[in-house]
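Laboratory data are not the source of any read-out in this text; all were calculated from the coordinates shown. Quick caveat, the model's predicted, so the values are computed rather than measured. Cβ placement follows ideal geometry from the backbone for every residue including glycine, while neighbour counts extend to all protein chains displayed.
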Amino acid sequence: MHTSNNSERLEKCDRIGRIPLCTDDDYDFQKVDILDEMYKKSYTIFNELRSKCQLCDVALVVENRKLSAHKVILAATIPYFRGMFTLDLMEANMKEIAIEDMNYETVDALLSFAYTGELRISTSNVQSIMMGANFFQMLEVVQYCGTFLLTRLHPSNALSIREFCRMMCVEGSIAEKINDYIQKHFSAISKDDDFKKLPLDDTVDLLKNDNLYVDSEEQIFVAAMEWLRFEESRHDDAEKLV
């Protein structure tokens, strides 16, 4: 610990006393701002400690596997755990917390993101990551996933993506861009089974949208007829579509 060296250094500083610096003006100062650098360095160390299971005080149990972590980091980066650990809930004092209805890879990815700020989103994991982030109330991650889905829009999946984003409470510009895509590609979308499987209210809202890109009203009429024919039980809904 070099205690003796520190003591000697302090004694020498005391002998020097206060150094005259030309002014005693409290407004004559230089601000040191390295917060971002400190955060990055600190969280790198936190993640190293996590990977070595050092100073960890909680484990997330997912599919019978454990992920070690630090409660203070979870509380600082994941709103779900901040509420759990600060509102005197039963889990606040537990050493192990079970995470249900989520796969290990998803929780591991989100936990790594909480420590590093890095996350790999792909076509194979975007839905599970988005659902996990929604559960943990990591709204920024939900938005990142929504933005990723925008890049994968196609007439064959646009309605499914819109419904999934609704379930994940995605709003704002992402929802607007999805709706714009559906309006512009209505002709192709209306021929897909996803359109024919829409519930009545969604179908009515879509067909009555004044911003649909169609060559004529006949295209909308044909789409309505196709939707009605898809299930015999829909015949009574004809008046609501017209």
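So the values come out like this:
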read-out: DSSP-assigned coil residues among GluC sites (Glu not before Pro) in the range 159-193, each with at most 14 further Cβ atoms within 10 Å; value: Glu171
read-out: Cα gyration tensor, the range 133-226 - rounded (a/c under 1.5), prolate or oblate; value: prolate
read-out: DSSP beta bridge pairing in the range 31-145, given as percent antiparallel to the nearest 5; value: 60
read-out: Distance in nm between pseudo-label sites at Ser51 and Gln127 (7 Å out along the Cβ direction from Cα); value: 3.2
read-out: The chain - Rg (one decimal) and Dmax (whole number), Cα, Å; value: 28.4, 97
read-out: Inter-site label distance for Lys66 and Glu96 at 7 Å from Cα along Cβ, in nm; value: 0.7
read-out: Lysines with Cα under 29 Å of Lys52, excluding same-chain neighbours fewer than 8 positions away; value: Lys40, Lys41, Lys66, Lys71, Lys95
read-out: DSSP-defined antiparallel bridges as percent of all bridges, the chain, nearest 5; value: 60
read-out: Computed label-point distance, nm, for sites Thr147 and Lys208 using a 7 Å Cα→Cβ extension; value: 3.6
read-out: Most to least packed among 148-154, 5-11 [average Cβ atoms within 10 Å]; value: 148-154, 5-11
read-out: Highest-fluctuation residue, Lys52, Lys66, Lys12 considered, GNM on the chain with Cα pairs under 10 Å; value: Lys12
read-out: Residue-wise HN-Hα coupling along the range 180-186, computed from phi with Karplus coefficients 6.51, -1.76, 1.60 (Hz; x: Gly, Pro); value: 4, 5, 4, 5, 6, 10, 4
read-out: Lysines with Cα under 24 Å of Lys240, excluding same-chain neighbours fewer than 8 positions away; value: Lys184, Lys191, Lys196, Lys197, Lys208
read-out: Helical mean residue ellipticity (222 nm; -39500 (n - 2.57) per DSSP H run of 4+; nearest 500) of the chain; value: -16500 deg cm²/dmol
read-out: Förster-model FRET efficiency, 41 Å R0, Thr44 and Ser156, C-beta, rounded to 0.05; value: 0.45
read-out: Rounded to 10°, Cα long-axis angle of helix 126-135 versus longest principal axis of the chain; value: 60
read-out: Most fluctuating residue given options Ile182, Ile121, Ile16, as computed from a GNM of the chain linking Cα atoms under 10 Å; value: Ile16
